[in-house]
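Peer 1: One structure follows; several queries about it will come next.
Nothing in this text is a laboratory measurement; each read-out follows from the coordinates by a stated rule. Note that this is a predicted model, so its numbers are computed, not measured. When we count neighbours, we look across all protein chains shown, and the Cβ atoms used for this are built from the backbone with ideal geometry, even at glycine.
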């Protein structure tokens, strides 16, 4: 009997599988440009389930997780409970890779390794994914960072190994994925995948629901059991049910077998990605825990004894298109639901009540007297860390008692006491005045610059001034810088060439552009949505010396090591100076602390500075004394890797983020004040 091609017969499954994989490759590699940076975790259901666990455990969301990921996770869980492991069989890119590896091995004629289902090796290996599940979810919930990024092979490859990974973990998991998947069918999915552990556990949803109900009831009677014990119980229950039961009973969709048509040829066993012994099962339903309803066995059956359907007696099935459509529908539902509302990344209050030593709670502020205000467009509020930093700023402001942050929309809702502080005062305390260098004027050719003042709204975030500056830079006008000062409306001073003439109409056109084409590193640009309102241009102009402007706009850096300042006091000291106009770029300022950390490990280094020299050109200066020498300083600065100490017991190496091409000059420290 001629072999049936499951690729042709099961075309809907392959179209969806390979389509998802192709879409990921296209968007992650930038073949099709995207308006926004592509987030590899944007629709990850396991990331969403980690986020949901963290939110339930601590009331916050980890990293930059949003409701979108959570709803994708809930959609996955719902599809498993109601139907089957459709995400695993039709969507998951790692499952697709495992499937392709098996096909590659078969095409090469290489014999695979069979691990018999139910054997000791099979049961022991299945435990690994539950251990990983507990470890990953526990670490994520306690640190509010997606721990899975450290070892997720998909995330490592999708980010080009540039994401928040632990390199050795990522390499190990990729090797296990590729080598294990090549020799053992679905090795990753069956034995290592935490999402597989969740899906297999949820197939026994009645047992799992009973476990969660028990935890809830114990809480009602006063037994407040830590959340991590529930997580551990979930993992243990899932593992025991998987190896002892193996046949969940309450899924809607199953592979159904007609014993009257079955010839027990065993083709279905060979084609099954998980090597389920389909030919030996005779109760009509192939309800094995590993089954993903992928349809491979159905496509391969020469007598059409198998179909995908609702129950044993059903005459029609979902064969070919039905299950693929259902899988796609659940993904679409998750995306739709995630776009409809947003959970706060943090939702915290303070100063409203306190617990006394005897355990009684005293109210400090009447909650009913508090009000809330919403602020939108805070681009710097983009993750859990930045949300906590924003909260720390608010806690220092009297009259503010809480905040919710929504990182997906860069929105915050602040709870405050209107008898102590007003919304305008809150905006003033939150706003950080800043400046932005548009271009660098030649102080030898221009003695002074003209200052024009404009007023704007909707510029609450410090990044907004940078984006507005980039808008001005692209006009080609002789504009040199912006400086903001809080007021309602906001004061923005524009520094320009005295000969440049611009009017209110011109400012309005530029300020209120809907989109900025922001240049990106490596070439090209990405669009940034803008929503700034132009209010007006003030009458009159003022002037500033060009050298004063250069000093105002320059952001320097200084790091001195007190013990060494004292140690080398009175001894000959030197300065090694490198001069480069590019040192005013933000990336240099960003990595100066790393350079300082790297150099500080070497005897004789006293201080590191980023300054304007006497010619008003940016310069990096290294202050040192013997036994350090100029040659050694240059050698340290040009090392391909820097050694960075984060904590006493946490020392790492990193590729040098900035390079130096031209050697500097040395001179005695006393000749140049720091």
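Peer 1: So what's Rg/Rh here for region 447-551, counting alpha carbon atoms and using the Kirkwood radius for Rh?
Peer 2: With Rh from the inverse mean 1/r over Cα pairs, Rg/Rh is 0.96.
Peer 1: Let me ask something else about it. Could you work out how far the C-alpha centroid of region 210-269 sits from that of region 489-530, in angstrom?
Peer 2: Computed from Cα coordinates, the inter-centre distance equals 58 Å.
Peer 1: Of the peptides 78-85, 593-600, how do they stack up when ordered by the mean number of other Cβ atoms within 10 Å, highest first? Let's see the in-between values first.
Peer 2: Numbers: 78-85: 21.9, 593-600: 18.6.
My ranking of the peptides, most packed first, is 78-85, 593-600.
Peer 1: To continue, here is another question. Where the Cα atoms of region 6-322 are projected onto their three principal axes, how long is each span, largest first, in whole Å?
Peer 2: For region 6-322, the Cα extents along the three principal axes come out at 55, 55, 37 Å.
Peer 1: Which value, to two decimals, describes the C-alpha radius of gyration of region 148-263 once divided by 2.2 N^0.38 Å?
Peer 2: Details: Rg = 19.0 Å, N = 116, 2.2 N^0.38 = 13.4 Å.
My calculation over the Cα atoms of region 148-263 gives 1.42.
Peer 1: Moving to a separate point now. With everything on Cα atoms, drop me the angle between helix 67-82 and the longest principal axis of the chain, reported from 0 to 90° to the nearest 10.
Peer 2: Computed tilt is about 10 degrees.
Peer 1: Can you work out D for region 556-671 in µm² s⁻¹ from Stokes-Einstein, where Rh is the Kirkwood radius over C-alpha pairs, the temperature is 4 °C and the viscosity is 1.567 mPa s?
Peer 2: Values: Rh = 14.5 Å.
Approximately 89 µm²/s, per Stokes-Einstein.
Peer 1: If you build the convex hull over the alpha carbons only and average its shadow over all orientations, what do you get for region 331-370? Give it in nm² to one decimal.
Peer 2: On the way: hull surface 20.5 nm².
Mean orientational projected area (region 331-370, Cα hull): 5.1 nm².
Peer 1: Let me see the pair-distance distribution of region 385-447: every alpha carbon pair, 10 Å bin width, integer percents in order.
Peer 2: 17, 39, 19, 11, 13, 1
Peer 1: Can I ask one more? In nm², what is the average projected area of the convex hull enclosing the Cα atoms of region 15-133?
Peer 2: On the way: hull surface 42.2 nm².
One quarter of the hull surface, i.e. the mean projection, equals 10.5 nm².
Peer 1: Taking Cα atoms, how many degrees apart are the long axis of helix 45-58 and the longest axis of the chain, rounded to 10 and kept between 0 and 90?
Peer 2: In the chain, helix 45-58 runs at an angle near 70 degrees to the longest axis.
Peer 1: Also, quick follow-up: Which whole-angstrom value gives the distance between the alpha carbon centres of region 43-76 and region 322-354?
Peer 2: 8
Peer 1: Can you show me the helix-derived [θ] at 222 nm for the chain, built from DSSP H runs with n ≥ 4 at -39,500 (n - 2.57) apiece and divided by the number of residues, rounded to the nearest 500. Spell out each step's value before the answer.
Peer 2: Numbers: 23 runs with 260 residues, N = 674.
Calculated at 222 nm, the ellipticity per residue is -12000 deg cm²/dmol.
Peer 1: So for the chain, averaging the separation of alpha carbon pairs under 8 Å that are six or more residues apart and normalising by length, what relative contact order in percent results? Walk me through the numbers before you get to the answer.
Peer 2: Numbers: 1140 pairs, mean separation 70.3, N = 674.
Across the chain, relative contact order equals 10 percent.
Peer 1: With a cut-off of 8 Å between alpha carbons and a minimum separation of six or more residues, what is the relative contact order of region 435-551 in percent? Numbers along the way, then the final one.
Peer 2: Working: 205 pairs, mean separation 43.9, N = 117.
It rounds to 38 percent for region 435-551.
Peer 1: Normalized C-alpha radius of gyration of the chain, against 2.2 N^0.38 Å? Walk me through the numbers on the way to the answer.
Peer 2: Details: Rg = 31.3 Å, N = 674, 2.2 N^0.38 = 26.1 Å.
Cα Rg divided by the expected 2.2 N^0.38 Å: 1.20.
Peer 1: Which three numbers, in whole Å and largest first, are the semi-axes of the equivalent ellipsoid of region 227-316 derived from its Cα gyration tensor as √(5λ)?
Peer 2: Working: eigenvalues 166, 37, 22 Å².
After diagonalising the Cα gyration tensor, the semi-axes are 29, 14, 10 Å.
Peer 1: Would you please put 638-646, 504-512, 622-630 in order of how densely packed they are, using the mean number of other Cβ atoms within 10 angstrom per residue and starting with the highest?
Peer 2: On the way: 638-646: 12.9, 504-512: 14.6, 622-630: 18.8.
In decreasing order of mean packing, 638-646, 504-512, 622-630 become 622-630, 504-512, 638-646.
Peer 1: Mind putting together the pair-distance distribution for region 346-392? All Cα pairs, 5 Å bins, whole percent per bin, short to long.
Peer 2: With 5 Å bins starting at 0, P(r) equals 5, 14, 20, 18, 15, 14, 9, 4, 1.
Peer 1: Relative to the longest principal axis of the C-alpha atoms of the chain, give the angle of the C-alpha long axis of helix 586-599, reported between 0 and 90° and rounded to the nearest 10°.
Peer 2: Between helix and principal axis, roughly 90 degrees.
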